[in-house]
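Below is one structure; the comments refer to it alone.
Derivation of every value follows stated rules applied to the coordinates shown; laboratory data play no part. All of these numbers come straight from a predicted model, not from anything done at the bench. Virtual Cβ from ideal backbone geometry, glycine too; neighbours counted across all protein chains shown.
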Amino acid sequence: MKKVLFAVFAGSALFVQAQDGPKISSAKIALNAGDLMEAKRYIDEAKASVDALAPEARNPKLMPKYLLYRGDVYYAMFNEPSSKNIETLNEATAAYADLLAYEKVLGKIKLAKASEEKLPLLAQAYVGLAEDFNFNQNDKASSIAAYEKAIATRAVLGQLDTTNMSYVAYLTMETGDKAKAEQLFKKLVELEYKGIQWTGILAEDGKRYPFPDKATLDMYIQMEKASEPQRTESILVDFYIRLLFMYIEDKRADDFDALVKVARSKFPTNDDLLKLELQAYLDREDFNGAISKLEEALAKEPTNPLYLYNAGFLYHQKLKNTPKGIEYYERAIAADEKYVDAIYMLGLVYIDESNVYVEKINALPRAATQKQYDEINKKKDDELKKALSYFERSYAIQPKDSATLEALREVYYKLSRYEDVKRIAAELAEL
């Protein structure tokens, strides 16, 4: 008796879905007639019936048609301006993906060939939505969600969408989700994704477009449909740089050291990596380590004034090696005679040197002679005059710089040039 009842129940389920056949066919007819609202009504009614059945009770003959037509209806709706939204696109994508999965279980791909053709188009449609969310609506969260749907849609076809993965990585970093950004950048580094594109000028409209690969571009060029091929540079190094920035910000020194070693071995001539490594040494106050990186940079660019100035600053201010500081400041000025930071710092060097003689004057015993005082005082003034020459050069380049004006006022005062003191004081008051 139980077996009979089960057979009756199963037969009833198939009968219920058999009744959906006309609804599914009507949806297709309405779609072909361009009546999308009627097509949607029929296919949604069919969905309600299908969803009410257990998976094993669904008719394997009707299901592929139902899924195909549902995908077709919602994809057609998505292409209408009034219903061009991510929810409609989600419905179409889910139907085509389910169709492909369903026929794989059945063991024969027939209607799902349409899924294999449509899913790449839907993935690109998600990218279009993502770009609109990001650039036109400034909605980063929705942009990320759309890019992730594009990635998932291509995954249905067994494709790894590293391009859109990179976009999600940048956006999640921008929105402050460091954990997710780190995970994605690490994955891109692991995959050694380079993001290289081939572009060409399309003969049809004279505009430059990206091509899927070099072979496609070559074919277009041979057919005289495109010209002026160009290959973009690899962006792999940028993923390393983004990760290293994160590690610096979060003070993850061990992670930084491990990754920068790998990155610099892969990109030994990359200046940005060298600068990051230099900054890490500075942040840790490892000034000798920082000097070693500056020397490495100067081996490639011996007349780079920025590197020369920073080496001078470290020697002068941090390592208290004044002669080396002077050497590098002078080299910076030789490389760029208007490099005002180096000029100003040389003025400070000679202020410091003059203060050494001030201390010697203060240390003179009561029995010291006027001659002894005059000799030391002259040396002090000589150093002040050296300082003044640099501050006046700095003033000639940046006459409104408050630090330079204050230094000039101090030196003029110490040299008893009181009219100049008044002049500079007036200029300071006007700032």
Item checked: I361-E337 FRET efficiency (beta carbon distance; Förster radius 51 Å; 0.05 resolution) -> 0.90
Notebook entry, point to check: Calculated from the structure, Kirkwood radius over Cα pairs in Å equals which of (1) 29.0; (2) 22.6; (3) 23.5?
Noted result: (1)
Margin query: Using only the alpha-carbon atoms, how far is helix 370-397 inclined from the longest principal axis of the chain? Give it as 0 to 90 degrees, nearest 10.
Written below: 30 degrees
Check: Among K61/K214; K293/K414; K28/K104, which pairs are too far apart, with a Cα-Cα distance over 32 Å?
Finding: K61/K214; K293/K414
Notebook entry, point to check: Considering the Cα trace of the range 14-159, what is its radius of gyration and what is Dmax, both in angstroms?
Noted result: 15.8, 51
Checklist line | Over 30 Å between alpha carbons, listed pairs K186/K207; K113/K149; K65/K225; K261/K300; K110/K186 | finding: K186/K207; K65/K225; K110/K186
Next item on the list: Classify the range 289-430 as rounded, prolate or oblate, taking a ≥ b ≥ c as the square roots of the eigenvalues of its Cα gyration tensor: rounded when a/c is under 1.5, otherwise prolate if a/b is larger than b/c and oblate if not.
Entry: oblate
Next item on the list: Please get the size of the charge dipole for the range 165-217, origin at its Cα centre, with Cβ charges of +1 on Lys and Arg and -1 on Asp and Glu, quoted in debye to the nearest 20.
Entry: 100 debye
Check: So for the chain, taking the charge dipole from beta-carbon charges (+1 Lys/Arg, -1 Asp/Glu), which of P60, M219, A396 sits furthest toward the positive end?
Finding: P60
Item checked: Angle in degrees between helix 2-32 and the longest Cα principal axis of the chain, rounded to the nearest 10 -> 70 degrees
Checklist line | FRET efficiency for L319 and T232, using Cβ-Cβ distance with R0 set to 45 Å, rounded to 0.05 | finding: 0.60
Next item on the list: Would you mind working out the magnitude of the charge dipole of the chain relative to its Cα centre, with +1 at each Lys and Arg C-beta and -1 at each Asp and Glu C-beta, to the nearest 20 Debye?
Entry: 1140 debye
Margin query: Helix 36-51 against the longest principal axis of the chain: what's the angle in degrees, Cα atoms only, rounded to the nearest 10?
Written below: 80 degrees
Check: With the dipole of the chain worked out from charges on the C-beta (+1 for Lys and Arg, -1 for Asp and Glu) around the Cα centre, which of A27, M173, I201 lies farthest toward the positive end?
Finding: A27
Next item on the list: Would you calculate the separation in nanometres between label points at T369 and Q183, each defined as 7 Å from the Cα along the Cα-to-beta-carbon direction?
Entry: 8.4 nm
Checklist line | Estimated [θ] at 222 nm from DSSP helical runs (n ≥ 4, -39500 (n - 2.57)) normalised by residues in the chain, nearest 500 | finding: -24000 deg cm²/dmol
